[in-house]
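Only one structure is covered here, and it is reproduced in the block below.
The values are calculated or read from the model by the stated rules, or taken from the named source; none is laboratory data. Not measured: the values here are computed from a predicted model. Reconstructed Cβ throughout: ideal geometry from the backbone, glycine too, with neighbour counts over all protein chains shown. Note: areas computed on protein heavy atoms with side chains; ligands, DNA, RNA excluded. Shrake-Rupley method; radii C 1.70, N 1.55, O 1.52, S 1.80 Å.
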Amino acid sequence: MAITREDVLHVAALAQLELSEQEIARLTEQLGDILEAVGKVSELDLSDVPPTSHPLSVVNVFRPDEPRPCLPLEDVFANAPERDGDHFRVPPTGVAEESSA
Amino acid sequence: MTLDTLRLTAEEAKGLLERREVSGAELRAAYREAIDTRNEELNCFLTLVDADENDGVPIALKDVISTKGVRTTAGSKILDEYVPVFDSTVADRCKAAGLQLLGKTNTDEFAMGSSTENSAYGPTRNPWDPERVPGGSGGGSAAAVSAGLAAWALGSDTGGSIKQPSALCGNVGLRPTYGTVSRYGIVAFASSLDQVGPVTKTVRDNALLYGIISGRDDRDSTTVEVPAVELPEAEDLKGLRVGVPRELNQAEGIEPGVAESVRRAIDLCAELGAQVGECELPRSVEYGLACYYLIAPAEASSNLARYDGVRYGLRVPADSYHELVARTRDAGFGDEPKRRIMLGTYALSAGYYEAYYGQAQKVRTVIAREFESAFESFDVLMSPTSPTVAFKIGEKSGNPLAMYLTDVLTIPPNMAGLPGLSIPCGLSEGLPVGLQLIGPQFSENTLFRAGHALERAIGFDTVPERLR
């Protein structure tokens, strides 16, 4: 499985990681090696086998839908990098999309 | 009274407290003294807790376990200053049982690793040989117990992060059945695999601590009711059917000294009255690692999306939101989390999902069925926990695939949600060898019983030779 620099840039964008040139070079090589190793799973013909997403056969765990106290706002914001009243403050959301389009 | 924390088991400490032969404060002081003496060399603790209102047996918690008011980093710079405003259920249950918290232990970043070298806070060193790794990701907890810096500890195990460091440090480590211990408040890595469990000096200590932390929790809907924990007493294995899976015992890369030590322990099972036979797991071992390194990174890439510099954790300022998120994540995550996020994102991306993630989920079914079939004939399966003894710091850190291979024997049962207990079974090259006992789901009591009888018969000295 050959991984190209473009693959790495595409996946990094999906994963919201701004990688350095050095990281891009290293990951291009390493991801190729790792994908070749894990690609081993495709050797098996498993068309009749159902997938497992969870190790226990537990389904539909319900509880009564009753209001309960949640964390006080002061606790919610205790670790916030920037707070604006009862909101988390972030810079404008549109700029990066326009510039990278 | 002089307390030798290197020798004192948690059960003995509990007895001393109950008989009022020692106070909680004296006990704490003894562990603090051991920490002051040895932690600088070993780097087991990331955060020390100076005082605790409880006065029970002192415990250390891996730093992926949220502790209210006590910094919880997950070994990452992205959570360097993060102080949880709530307790995880396991921390809460330890508190309710009166255990006093000594501190938070070192881990590979987000529990991703097998050597604790991926911690953003430097590697932990193995108390048996400080030039070597303690295993990982829970190397801090394992080294702390082994060096007498805590009476017992909790770790978390996704691909082997309790079992493997326990093996490399000469401890008893249990990765419980998936769903028996709450994941509420645990820094998530791969949610269908993550499980918290005890790291201890003895099997009985392990059963005691598992009894404290296990059981259904309304805050984690994947938890279930758990059979009452029985403290093991029997010193024989009469009636127990022990299976020796060929592939788990003859896998490439198992060191001869490790194989020999495990072989002796299995022979001992027969002497103790067990029926021992061979069995097969033809595809579980061959495809287990590949299956794991698709599913775990896929789940990790989703779980780690939450670190965006908005609600908590590191923030690298930028002019736009998207730049802020991408820069924060680049600056905050180390190499291994980035590698796994990239791998997982790739495996889940359009065009590759079925071939990688979808296929891995089917392999997972194959693995579960193979174990199910083995358990029709056997109560417990045995193998080495790790193919090697503790390796040198730096030996594998430059080669991700070589590092991933260290989990080749612990991963297959984890994929099937099975419990696994690692107990020390001897030395190879002067370093501890771990024996892995695997049982069907919810068979912890059987594992404790078998582990206890073997522990007695083996008579392994858990104190590192250089500290005796």
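Points to keep in mind about this one:
- Computed [θ] at 222 nm, deg cm²/dmol, chain B (DSSP H ≥ 4; -39,500 (n - 2.57); rounded to nearest 500): -11000 deg cm²/dmol
- With R₀ fixed at 45 Å, the C-beta to C-beta distance from A:Val58 to A:Asp33 puts the FRET efficiency at about 0.75.
- With 5 Å bins beginning at zero, the pair-distance distribution over Cα atoms of the range B:380-468 amounts to 3, 13, 20, 21, 18, 14, 8, 3, 0 %.
- B:Arg132 long-range amide H proximity, modeled H, under 5 Å: B:Asn126, B:Ile393
- Once backbone amide H atoms are built at 1.01 Å from N, B:Trp152 has B:Ala60 as its partners under 5 Å, excluding neighbours fewer than 5 places away on the same chain.
- Averaged over the residues of B:316-325, the number of partner chain Cβ atoms lying within 10 Å of the residue Cβ comes to 6.
- Subset of B:Lys14/B:Lys95; A:Lys40/B:Lys362; B:Lys163/B:Lys338; B:Lys14/B:Lys68 violating a 22 Å alpha-carbon distance limit: B:Lys163/B:Lys338; B:Lys14/B:Lys68
- DSSP-defined beta bridges in the protein assembly as shown - what % are antiparallel, rounded to 5: 70
- Rg and Dmax of chain B, Cα atoms only, in Å: 20.7, 71
- Average projection, convex hull of the Cα set of the range B:1-54: 4.1 square nanometres.
- The range B:308-405, relative contact order [Cα under 8 Å, separation at least 6], %: 12
- Alpha-carbon centroids, the range B:277-343 and the range B:162-204: separation in whole Å: 20
- Take each residue of peptide A:16-24, count the partner chain Cβ atoms within 10 Å of its Cβ, and average: the result is 5.
- Projecting the alpha carbon convex hull of the protein assembly as shown along each direction and taking the average yields 25.8 nm².
- Other residues whose C-beta falls under 14 angstrom from the C-beta of A:Ile24 contribute a net charge of -4, scoring Lys and Arg +1 and Asp and Glu -1.
- Which of B:Gly459, B:Ser386, B:Leu437, positive extreme of dipole for the range B:333-468 (C-beta unit charges): B:Ser386
- For chain A, alpha-carbon Rg relative to the globular expectation (2.2 N^0.38 Å, N residues): 1.75
- J(HN,Hα) series, the range B:412-419, from Karplus relation 6.51 cos²θ - 1.76 cosθ + 1.60, nearest Hz, glycine and proline x: x, x, 4, 4, 9, x, 8, x
- Ranked by the mean number of other Cβ atoms within 10 Å per residue, highest first, peptides B:53-66, B:90-103 order as B:53-66, B:90-103.
- Shape class for the range B:72-203, computed from the alpha carbon gyration tensor (a ≥ b ≥ c): rounded, with a/c under 1.5.
- Charged neighbours of B:Gly417, selected by a Cβ distance under 15 Å, balance to -2 (K, R count +1; D, E count -1).
- Of the GluC sites (Glu not before Pro) found in the range B:1-36, those in coil by DSSP whose Cβ has at most 14 other Cβ atoms within 10 Å are B:Glu21.
- Other residues within the sphere of radius under 9 Å centred on the Cβ of B:Asp108, judged by their own Cβ, net out at -3 (K and R +1, D and E -1).
- B:Asp335-B:Glu41 FRET efficiency (beta carbon distance; Förster radius 30 Å; 0.05 resolution): 0.75
- Chain A, relative contact order in percent, only Cα pairs under 8 angstrom and at least six apart counted: 18
- Largest accessible area first, the listed residues B:His322, B:His452 line up as B:His322, B:His452 when surface is computed with a 1.4 Å probe on the assembled protein chains.
- Euclidean distance of C-alpha centroids, the range B:437-456 and the range A:61-93, integer Å: 43
- The mean number of Cβ atoms from other chains found within 10 Å of a Cβ in peptide B:215-225 is 2, as a whole number.
- Residue ranges A:61-70, A:29-38 sort as A:29-38, A:61-70 when ordered by packing (mean number of other C-beta atoms within 10 Å per residue, highest first).
- Whole-number percent relative contact order across chain B, with pairs defined as alpha carbons under 8 Å at least 6 apart: 18
- Built amide H within the under 5 Å cut-off of B:Leu46, gap 5+: B:Lys104, B:Thr105, B:Asn106
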